[in-house]
Amino acid sequence: MNRVLFMPLLHIPSGHHHAADSIKDHLEYFEEISEEYHYDKLEILSHCFGKLESLISSIYLQSIHKVPNIYSQIYKFVVVKDRKNYQIYDYLFSKKMLQVLEERDPHLIICTHALPSCLLNQLKGNNQWSGKVVNVYTDYFVNDLWGIRHIDYHFVPSVHVKQELTEKGVPENRIFVTGIPVHPIFKQPSGNRKSKDKLVVLISGGNMGAGSIEKLLQSLHPSGAITYYVLCGKNQLLYRKIQQLHQPEIKALPYLRSKEKMNQLYDSADAIITKPGGVTITECLWKKLPIFVYEALPGQEEFNLHYLKSQKLVFHLEDWNSSKNLEDQLVSKLKKENQQLDAFHQGIEERDIAQIIKGMI
């Protein structure tokens with residue numbers, strides 16, 4: 001039985017957890033492969049410091065909403081500048097990490113966050129551990145915290161990230177362009193979207209219902225040509241506020257646990273307005289759903305947006321906050337076919353993630 005240990009960060013339902021769970025789903029999808037594996041997931045921050053993780057998560061969520069500019073600058077200083085001196089992380093986590101490795105004895109570790117990757121890269125470089133590690137990048141860029149040199153394999157979101165890693169000395173045969181991992185159901189083609197009297201547009205703030213969704217809704221001025229479904233995630237306050245609007249064209253949806261229901265929503269939609277979170281964007285790219293980005297949370301989403309715009313994979317609603325009629329913009333741009341979506345699909349590895357992992361072990 002092969003032991004696979006997933007290592008995200010923080011307990012909040014972030015893309016790091018979704019990517020880990022999606023890889024597990026891929027392995028379980030192939031029964032003949034799934035029976036060969038035992039899965040475990042460990043979040044190193046809470047493992048080392050217990051309830052302090054909840055405080056850090058709370059500070060993070062408060063910071064990105066209340067002081068976004070400050071958080072953005074801190075993020076760029078800590079993990080984007082070319083800084084290779086991360087002794088503070090070694091001091092805080094290395095001993096605990098070694099204990100985890102001894103207790104769990106994994107055959108393969110899959111890092112969906114940069115911090116555990118950084119720690120394992122250091123331990124392998126110091127010959128303190130020799131197991132196999134995979135980096136799974138959940139954004140469309142590689143921040144400087146990720147371990148690179150001693151990591152065995154890399155699952156990257158695009159051919160451009162693959163090129164970046166090869167320039168850093170990573171052999172090409174160790175890099176797999178998988179896209180950001182999403183549940184297998186989202187890779188099923190939507191087919192031709194049926195013509196209907198009204199367009200359907202999804203509005204998403206991610207699992208946490210984050211961002212300026214309330215302000216966005218005020219800029220829409222629905223004419224009746226579009227029905228909007230707002231994915232409120234776990235933001236119950238946002239859900240209640242939208243219900244209280246009593247707008248027949250704006251419908252609030254609570255957190256959807258069912259991947260099947262979410263997939264049905266994608267298949268019924270004509271477009272999505274969202275933030276540039278890695279997992280949501282990738283799900284929509286697989287569904288070939290036109291993507292409108294209205295804002296980016298500070299930190300990694302800013303870098304995602306820059307990349308997605310450069311590749312013409314999204315429409316950026318830069319002036320949505322001052323637009324007199326945002327709906328007209330949506331309808332106008334939906335008439336334009338985005339051929340870059342085909343280019344995205346052509347660059348993805350043909351083999352399934354489960355088959356790649358089986359080959360590694």
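Structure notes:
- Among the conditions (1) open to solvent by 20 Å² or more (accessible area, probe 1.4 Å); (2) at positive phi, G233 misses just one, which is (1).
- Residue list for the stretch 252-267, filter: surrounded by 15 or more Cβ atoms within 10 Å (Cβ to Cβ) and either touching a Ser or Thr at 6+ places or on another chain (Cβ under 9 Å) or not in a loop (DSSP other than H, G, I, E, B) (or both): A252, L253, K259, M262, N263, L265, Y266, D267
- Criterion applied to L237, L217 was being in contact with a Gly (Cβ under 9 Å, 6 or more places away or on another chain), closer than 27 Å to P68 by Cα and part of a helix (DSSP H, G or I), and the one residue passing it is L237.
- With respect to the conditions (1) out of contact with any helix residue (DSSP H, G or I) (no Cβ under 9 Å at 6 or more places or on another chain); (2) modelled with pLDDT of 95 or more; (3) of a type outside the set (D, E), I175 falls short on a single one, namely (1).
- For the condition charged (D, E, K, R) and out of contact with any Asp or Glu (no Cβ under 7 Å at 6 or more places or on another chain), K275 does not qualify.
- Evaluated against (1) open to solvent by 80 Å² or more (accessible area, probe 1.4 Å); (2) closer than 29 Å to P298 by Cβ, P248 falls short on exactly one condition, (2).
- Scanning the stretch 191-213 for residues that are modelled with pLDDT of 75 or more, surrounded by 15 or more Cβ atoms within 10 Å (Cβ to Cβ) and assigned to a loop (DSSP other than H, G, I, E, B) yields a count of 2.
- Taken together, the residues in the stretch 84-109 that are out of contact with any helix residue (DSSP H, G or I) (no Cβ under 6 Å at 6 or more places or on another chain) and at pLDDT 90 or above amount to 13.
- Residue check, Q243 more than 28 Å from I64 (Cα to Cα), polar (S, T, N, Q) and surrounded by fewer than 19 Cβ atoms within 10 Å (Cβ to Cβ): no
The values are calculated or read from the model by the stated rules, or taken from the named source; none is laboratory data. Computed from a prediction, not measured in an experiment: that's the story for all the values here. A quick note on method: Cβ atoms are made from the backbone with ideal geometry, for glycine too, and the neighbour counts reach across all protein chains shown. In case anyone asks, the SASA skips ligands and DNA or RNA and just uses the protein heavy atoms, side chains included. Shrake-Rupley method; radii C 1.70, N 1.55, O 1.52, S 1.80 Å.
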